[in-house]
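Let me begin by presenting the structure, written as structure tokens, before commenting on it.
Laboratory data are not the source of any read-out in this text; all were calculated from the coordinates shown. Given the structure is predicted, the values throughout are model-derived calculations rather than measurements. Backbone-built Cβ (ideal geometry, glycine too); neighbour counts: all protein chains shown.
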Amino acid sequence: MGTFRRCPPIALALMLTAPGAAAPAVDLTPRFHAGSITRYEHVLTLTQTQEIDRFAKATASLRLESSLRFEVTRTRPDGSAELQLIFDRLYADLVRPGMPRVIYDSAAPEPPDAPPMARTLARVAATPVVYDLDAGGRVIAMFGAREIARLVAGREGADLIAGVFSEPFFAELARDLFAPAGEGADADEAWTSELAVPLGGLPGAVTTVTWRVEGVEDGRALITGVGQTSYTRVEHPLLRGLAQRVSGETSLFEIRWDLEAGRAERIEKARAVKARFNTGAGELGSVTLGTYSLLTRRGR
């Protein structure tokens with residue numbers, strides 16, 4: 001079986017923007033069959049580094065590992081479908097400056113002295129998300145995601161977790177898996193999409209991604225994307241009331257699409273942004289955020 005050739009980031013960016021870089025027409029329409037189950041393993045890491053007056057540094061980190069199960073619970077004559085997302089397993093390792101480390105594993109018994117955040121994550125893991133998708137894989141309605149977001153909202157030290165378990169996160173997950181081209185049709189030209197998942201407690205971060213089908217091999221289409229992050233607003237506590245200069249670093253994305261199954265079998269994303277803030281006397285500090293996500297299908 002052949003393998004895809006990875007391109008260096010610079011070469012990939014040039015390829016995606018070079019004139020005449022035509023991509024093959026590929027049918028990216030999802031295929032839904034009632035009762036079918038697809039399982040994925042997801043690993044996500046997020047780091048947040050705050051630097052004050054160029055001396056004091058504080059770094060928080062979050063690592064999430066989850067086993068996800070998507071079950072098609074209903075299909076309709078028009079091709080639309082209802083899917084249910086269940087956490088078969090959820091593991092979290094949260095490190096925050098000046099606060100106790102939180103480790104949660106849904107596969108392990110909950111200790112009697114479990115911290116409040118661990119108990120919150122247990123409720124997250126037990127809450128299913130139900131999607132109503134049209135024939136092109138686009139989200140028509142979503143149930144359960146708001147309840148999950150409410151569970152973590154406002155929890156002390158939960159900025160990193162709240163930025164992940166949000167409604168935009170679950171909507172983006174479904175779009176990447178079932179409708180990466182937006183219209184779910186032939187993708188013979190580049191297209192764009194916006195990712196609005198809050199990054200580590202900096203709401204308002206929007207990453208605009210330009211996608212293109214790089215090629216097809218062994219029944220898989222390789223879809224690559226280059227993104228640029230900007231902000232519509234910044235609400236981080238350290239930045240309130242201060243002048244802000246926000247820069248978005250180039251982000252890289254890759255989706256491997258199974259043409260026969262009609263869904264993604266692998267999704268890899270890397271994003272990094274930096275926000276600087278200053279007073280009238282000059283720059284006071286910065287917040288640097290980075291995320292890496294890898295989602296892979298388990299079995300067929």
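Using the Cβ atoms and a cut-off under 12 Å, what net charge is assigned to the surroundings of Lys269, where Lys and Arg are +1 and Asp and Glu are -1?
Details: positive: Arg266, Arg271; negative: Glu172, Asp176, Glu254, Glu268.
Around Lys269, the charge tally is -2.
Pull out the extension gain between Ile140 and Glu41, defined as 0.36 nm times the separation in residues minus the alpha carbon to alpha carbon distance; nm, one decimal. Could the numbers behind the result be given before it?
Values: separation 99, 0.36 × 99 = 35.64 nm, distance 2.50 nm.
Residue separation times 0.36 nm, minus the Cα-Cα distance, leaves 33.1 nm.
If contacts are Cα pairs under 8 angstrom and at least 6 residues apart, what is the relative contact order of the stretch 75-157 in percent?
Numbers: 106 pairs, mean separation 27.1, N = 83.
It comes to 33 percent, rounded to a whole number.
With Cβ to Cβ distances under 12 Å as the rule, what net charge do the other residues near Leu85 carry (K, R +1; D, E -1)?
Working: positive: Arg39, Arg69; negative: Glu71, Glu82, Asp88.
Net charge around Leu85: -1.
Which ordering of Phe169, Phe253 is given by a fewest-first count of other beta-carbon atoms within 10 Å? Numbers along the way, then the final one.
On the way: Phe169 20, Phe253 23.
Exposure proxy ranking, most exposed first: Phe169, Phe253.
Using the count of nearby Cβ atoms within 10 Å as a rough guide to exposure, how do Trp257, Trp191, Trp211 rank from fewest to most? Walk me through the numbers on the way to the answer.
On the way: Trp257 27, Trp191 16, Trp211 23.
Ascending Cβ contact count within 10 Å gives the list Trp191, Trp211, Trp257.
Just add up the charged neighbours of Leu151: K/R +1, D/E -1, any other residue whose Cβ is under 13 Å from the Cβ of Leu151. Don't jump to the answer; show the numbers that get you there.
On the way: positive: Arg119, Arg123, Arg146, Arg150, Arg155; negative: Glu147, Glu167.
Charge balance near Leu151 sits at +3.
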